[in-house]
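The values are calculated or read from the model by the stated rules, or taken from the named source; none is laboratory data. Given the structure is predicted, the values throughout are model-derived calculations rather than measurements. A quick note on method: Cβ atoms are made from the backbone with ideal geometry, for glycine too, and the neighbour counts reach across all protein chains shown.
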Amino acid sequence: MATISPSKEVNKLYDKLLGYFNPKDQTYINRAFQYAYDGHNGQNRKSGEPYITHPLHVAIYLCELNFDKETIAAALLHDLVEDTEISYDDLKKEFGEEVADIVDGVTKLDKIKYSTNEEAKADAIRKMVIAMSKDIRVLILKLADRLHNIQTIEYHQDWKQEKIANETLYVYAPLAHRLGFQSIKHVLEDKSFKILHANQDKEIKDMITETNPDRESQIGNAIEIIKTLLNDNSMSAEVYGRPKHNYSIYKKIVNQGLTFNEINDLIGIRIVTDDVKNCYTILGLIHANFQPVLGRFKDFISMPKFNLYQSLHTTVLTSDGSKMEIQIRTHDMHYRAEYGVAAHWKYKEKPSNDLTSWTNELSEISNEYPDPNEFLQHMKLDLYENEVFCLTPEGDVIALPQGSTPVDFAFAIHTQVGEKLIGAKVNGKLVNLSNLLKSGDTIEILTSKDKDKGPSRDWLNIVKTSRARSKIKQWYQKQMKNEDIQKGKTRLNSWLDENPEILESTSKDQLMDELLKDLKLPNLETLYQNLGNGNTGINSISNRINKIVFPGEISVDEDLYSPEIKEDSKSNLVIVEGYDDIKVRMGKCCVPVPGDDILGFVTISNGIAIHRSDCLNVQIDSTKGERIIDVSWGYTGNTGIIVWLEIEAIDRPYLLRDATIAISDNGGNILVAKSVTSSKRIVNLIFQVEISDNDQLDAIINDAKNIENVFDASRIFPGRK
């Protein structure tokens, strides 16, 4: 064992790394290591380990994927430009342009000042996308880098863990999926999911544990039956159960609206055999001995996924009626499924160009959206996981995200085809342009020869791909710029006329200067154009103007915790001194309830906002004192303690019913109930409940926590920070 560092861990990792290379290449790798070791000398990770251990771990992982020595050298050197004084030119001089370009592609640009961290990250990802369009190894190295970082994330503070986990879950894990790195993808997803959504992760883990004894025995029985079946038919294959990943289960519950027990691959079997012929033979044996579930067979061997994934998928019923998903593939397919495009290096093949169109599209998006955050948003839209495969009349396959329409198909063929689109035939029949496409559909696009023909703005409501959306917007921005500018100017001036108090407090020129600075726009034309074409809404602009002109104004927007007092009850609930008929609302920041010491705040356009007297948002000073008035509680029949409860759960049918039963069965009186479900099917049930004592409250919370799919229930204090 060579001693190259006082750290035993560094020496151990270094020896392991050299073991992957022949003596000739070891000299090259040693030079790269020494360069990185000297550059990071004196730097430690959050764990206290020498920083060099990180690039060593990344390099070793890539060695396991059989990458070339240039990629391994780049892995060892990848943090030097970011964290030391070493520059791109220094690396280029020492190790050549190829290695320097790979390192440059993953450098996070920390030395450049940006307005926000999000913008810095978005611009770093843009740089990575541009670089990977030239060399896919850039992204593979970045994923390996993120893999080790997420595996050692526990040494960071909570806020930093959440920041890293958020970008990992929503950017890097989908990228790993895009490239077929299932081995990396699942680690990135599960680690990030546990950090960001600990309660949901625990709820799914508990559900798995509760059903585990039965399911494990079912999987064991199924494996034995299939092994016997294959042996009886002289078929050589490996049969084993597939691991269940919490985040994958969560996504199926959220995205497909399934309950836990409805998920088909909770019982999962994988069969790995020698060749493609055996795959189809085994499929026939499975279908002959198990009842197939209609519509659940997918042939990804004859039509691979976008990330090169190949396998046969089928769902069958076991003897007791449970659903079981079976995957059948060859050994080579299995390796490609786990390591995606990296499999090309294992088999000494030239990397496939199957991803060229995708990386080119992302480069195109980068050019179209110079603002880093806009670019990142559109890039996320293109990291779709579920695709449909449609055919042109000539038989060419076009891959599109699930939910795409003929309009998306037309723009995928060519921008001009999309712009001249007037109709579409699916499988020979004319269809509405909002028709959702399915795999196997043959699409014929009908176009106009009218040179002035352009896309319809209404298409923005039906298209799925960011390419189609951006091309439609571009066409209108070019064709209707002057009209949009005038329209936007009129909208803004009309709003200012309807709100004269704005220009009573400031001049229009000063207001516009502040607004442009706030929006980071170069000139008024751009603002007017965005307003005119709908890219920016007048409500968004009005909110910003109000914040500029009235920075101390208390917001009284509708939210979960501020139900408006009904006309027939406000005179009874709150008495406003000196007023008999005026609009009254509860302040959302403190949500006062009968019995609280309260005061009223006169808002500009929304009547009287009622706040607790100790609310931090109400500060009596020379500018606001005259707007604070005396109010008091009127008669109310409520005599108990009034509290707010929040129940968080994965949505399912009858959840609200079960929650109200948990409250009412324990004697709670529900005064207010609201339910909000996010796009991820996470539901927040908010209740204002009248109770008699804390024991009753504890009983309600305990029963609520035991409701199926509920991962948290607690008392909340709206407005308390």
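State all residues of the stretch 494-534 that are touching a residue at least 40 places away in the same chain (Cβ under 8 Å), crowded, with 16+ Cβ neighbours inside 10 Å and closer than 27 Å to Trp475 by Cα; if no residue qualifies, say none.
Within the stretch 494-534, Tyr528, Gln529, Asn530, Leu531, Gly532, Asn533 qualify.
Residues are listed down the side, and each one gets a yes or a no for (1) among the hydrophobic types (A, V, I, L, M, F, W, C); (2) surrounded by fewer than 15 Cβ atoms within 10 Å (Cβ to Cβ); (3) more than 17 Å from Ile642 (Cβ to Cβ); (4) not assigned by TED's automatic domain parsing to the domain that holds Lys251:
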position	(1), (2), (3), (4)
Arg652	no, no, yes, yes
Ala659	yes, no, yes, yes
Val672	yes, no, no, yes
Ile682	yes, no, yes, yes
Ser692	no, yes, no, yes
Asp698	no, yes, no, yes
Asn702	no, yes, yes, yes
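Within the set of pairs 6 or more residues apart or between chains, which connect a residue that is among the polar types (S, T, N, Q) inside the stretch 451-469 to a residue that is assigned to a loop (DSSP other than H, G, I, E, B) and surrounded by fewer than 18 Cβ atoms within 10 Å (Cβ to Cβ) with Cβ atoms less than 8 Å apart?
Thr465/Asp382; Ser466/Asp382
Which ranges mark the helices (runs of 4 or more DSSP H) fully within the stretch 11-91 that have 3 or more residues being among the hydrophobic types (A, V, I, L, M, F, W, C) and touching a residue at least 12 places away in the same chain (Cβ under 8 Å)?
Answer list for the stretch 11-91: 23-39, 53-64, 69-77.
Name the single residue, out of those in the stretch 648-688 being polar (S, T, N, Q) and under 23 Å from the mean Cα position of the chain (by Cα), that is farthest from Ile249 (Cα to Cα).
Taking the stretch 648-688 first, the residues polar (S, T, N, Q) are 660, 664, 666, 669, 675, 677-679, 684, 688.
Next, from what is left, pick out any that are under 23 Å from the mean Cα position of the chain (by Cα): 675, 677-679, 684.
On the way: Ser675: 24, Thr677: 19, Ser678: 17, Ser679: 16, Asn684: 20 Å.
Filtering the stretch 648-688 for residues that are polar (S, T, N, Q) and under 23 Å from the mean Cα position of the chain (by Cα), the one farthest from Ile249 (Cα to Cα) comes out as Ser675.
Going by what's in this entry, would Thr84 be described as at pLDDT 90 or above and β-branched (Val, Ile, Thr)? Steps first, please.
Working: at pLDDT 90 or above: no; β-branched (Val, Ile, Thr): yes.
No; evaluated as a whole, the condition is false for this residue.
Quick check on Val129: is it at pLDDT 90 or above, among the β-branched types (Val, Ile, Thr) and out of contact with any Pro (no Cβ under 9 Å at 6 or more places or on another chain)? Show your work before the answer.
Values: at pLDDT 90 or above: no; among the β-branched types (Val, Ile, Thr): yes; out of contact with any Pro (no Cβ under 9 Å at 6 or more places or on another chain): yes.
So Val129 does not fit the description; no.
Return the total of residues in the stretch 246-283 being farther than 25 Å from Ile707 by Cβ and at pLDDT 80 or above.
Here the count works out to 16.
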